[in-house]
Amino acid sequence: MTVFERIRHRNRSASRELNDAIYCVDLHTGGEPLRVILDGFPEPEGASVLERRRFCQEHLDHFRKALIWEPRGHADMYGCLLVPPNDEGADFGVIFIHNEGYSTMCGHATIALTKLAAVQNWKERDPVSGNLKLSIDAPCGRITSELKKDGDPAFPIEFLGVPSFVVAIDQQVSLSGHGDVFYDIAYGGAFYAYVQAAQLGLELCPENYRQIIDLGIALKKQIATASRHLINHPFESDLSFLYGTIFIDRSDAAGVNSRNVCVFADGELDRCPTGSGASGRVAIHHAKNELTVGKTMTIESLIGSRFQASVERLENYGPFEAVIPRIAGNAHVTGEHNFVLSSEDPYRHGFFLR
């Protein structure tokens, strides 16, 4: 029995306690939610994770809305659907979902899935080290993750991301009320624009969450237009779009290098330091000679949760000199759910009231 078959077998009985229920387990990584869909969701067609993702977009999107939107979710909810891997080299595949649609990479979800794999015994641990190792096919490519039995309690789970690279440094765009704003663009499984918050007079604190969201949305729109010619994945057109804006600022916390706040999709505000965003930051800092191979930086989120990020190695990726990022954090299970989509429920496919 493969790992994916074991996952399905392990969770199938839970979703059958209620007819036509969709069984999910919820977790959070550094405060950022993840709803893992384990059974009851229609099987998306396709020969690869990218093809299955496209099928979900075209034919199953009402299920995404039902599980992410209100009343079962909220505007900042995030989730994922487990699917078969692209080939026998991976344990399973994953499709990431959010308020607007479908992401291409998610670091916090990778960390949470690794924790869930340990909790639900999806795969045997290494008999010598006691570590749990996973290989996961995401839309952006193959990711490897590991939960270390004797690791740092704050960062016991780490993953190696896909090749991450820089496409633009010190670009500028005009933003109403703020004048010219400088930004970098990098890819860490998804494309992000990186902006120093100080140039906007923006303090990255929870009290400013609405201003952070509004500025993130406005900058994403402006930058996506101004830099559309730069936001091109070398191999997959489905990955060629600007996913979010990441604001960066100093941190006063001991042992923390900086604060990192991401606004992505349709104005979602990430509660954690953003794993794929941190991957892109690693590429930027390496390109600027600020982070060498093996050196670790600690990044905190808007609420103070932390990831560690480093350059594992360098790798040529199409026309880019890319880095392979290593990102570490932790996740926790928050609950199990059998969601019912009753045909009598006028709001079964969800709504938003922000």
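The values are calculated or read from the model by the stated rules, or taken from the named source; none is laboratory data. Every value quoted in this text rests on a predicted model; they were computed, and no experiment measured them. All Cβ positions, glycine included, derive from the backbone under ideal geometry; neighbour counts span all protein chains shown.
Scanning segment 32-84 for residues that are within 18 Å of LEU341 (Cα to Cα) and part of a helix (DSSP H, G or I) returns CYS56, HIS59, ASP61, HIS62, PHE63, ARG64, LYS65, ALA66, LEU67, ILE68.
Does any residue of segment 214-234 turn out to be among the small types (Gly, Ala, Ser) and free of Cβ contacts under 8 Å to residues at least 12 places away in the same chain? Checked segment 214-234: no residue is among the small types (Gly, Ala, Ser) and free of Cβ contacts under 8 Å to residues at least 12 places away in the same chain.
Where residues in segment 238-264 are under 17 Å from the mean Cα position of the chain (by Cα) and surrounded by fewer than 22 Cβ atoms within 10 Å (Cβ to Cβ), which of them is modelled with the lowest pLDDT? Working first, answer last.
Step one: filter segment 238-264 for residues under 17 Å from the mean Cα position of the chain (by Cα), giving 238-247, 260-264.
Cutting the leftovers down to surrounded by fewer than 22 Cβ atoms within 10 Å (Cβ to Cβ) gives us 238, 240-242.
Details: ASP238: 93, SER240: 97, PHE241: 97, LEU242: 98.
Filtering first and then ranking leaves ASP238.
Flag not set for GLU344, criterion: among the charged types (D, E, K, R), part of a strand (DSSP E or B), out of contact with any strand residue (DSSP E or B) (no Cβ under 6 Å at 6 or more places or on another chain) and over 30 Å from ASN208 (Cα atoms). State whether the residues of segment 285-296 include one that is in contact with a Gly (Cβ under 8 Å, 6 or more places away or on another chain) and modelled with pLDDT of 95 or more. Checking segment 285-296: not a single residue is in contact with a Gly (Cβ under 8 Å, 6 or more places away or on another chain) and modelled with pLDDT of 95 or more.
State whether one or more residues within segment 220-228 are assigned to a loop (DSSP other than H, G, I, E, B) and within 21 Å of the chain's Cα centre (by Cα). The answer is no; no qualifying residue exists. Among the criteria (1) under 21 Å from ASP76 (Cα atoms); (2) β-branched (Val, Ile, Thr); (3) touching a Phe, Trp or Tyr at 6+ places or on another chain (Cβ under 7 Å), the one ILE213 does not fulfil is (3).
Find the residue count for segment 211-224, including only residues that are surrounded by fewer than 19 Cβ atoms within 10 Å (Cβ to Cβ) and more than 15 Å from SER176 (Cβ to Cβ).
1
Within segment 201-210, none of the residues are in a strand (DSSP E or B), surrounded by fewer than 13 Cβ atoms within 10 Å (Cβ to Cβ) and either modelled with pLDDT of 95 or more or not hydrophobic (A, V, I, L, M, F, W, C) (or both).
Kindly indicate whether SER103 is modelled with pLDDT of 95 or more and crowded, with 20+ Cβ neighbours inside 10 Å.
On the way: modelled with pLDDT of 95 or more: yes; crowded, with 20+ Cβ neighbours inside 10 Å: yes.
Yes, satisfied.
Among the residues of segment 295-336, just one is small (Gly, Ala, Ser), assigned to a strand (DSSP E or B) and surrounded by fewer than 19 Cβ atoms within 10 Å (Cβ to Cβ), namely GLY335.
Of the residues that make up segment 109-125, is at least one in contact with a Ser or Thr (Cβ under 6 Å, 6 or more places away or on another chain) and part of a strand (DSSP E or B)? Within segment 109-125 (the criterion being in contact with a Ser or Thr (Cβ under 6 Å, 6 or more places away or on another chain) and part of a strand (DSSP E or B)), the answer is no, since none of the residues qualifies.
Among the residues of segment 270-283, is any buried (at least 19 other Cβ atoms within 10 Å of the Cβ), hydroxyl-bearing (Ser, Thr, Tyr) and part of a strand (DSSP E or B)? So far as segment 270-283 goes, no, none of its residues is buried (at least 19 other Cβ atoms within 10 Å of the Cβ), hydroxyl-bearing (Ser, Thr, Tyr) and part of a strand (DSSP E or B).
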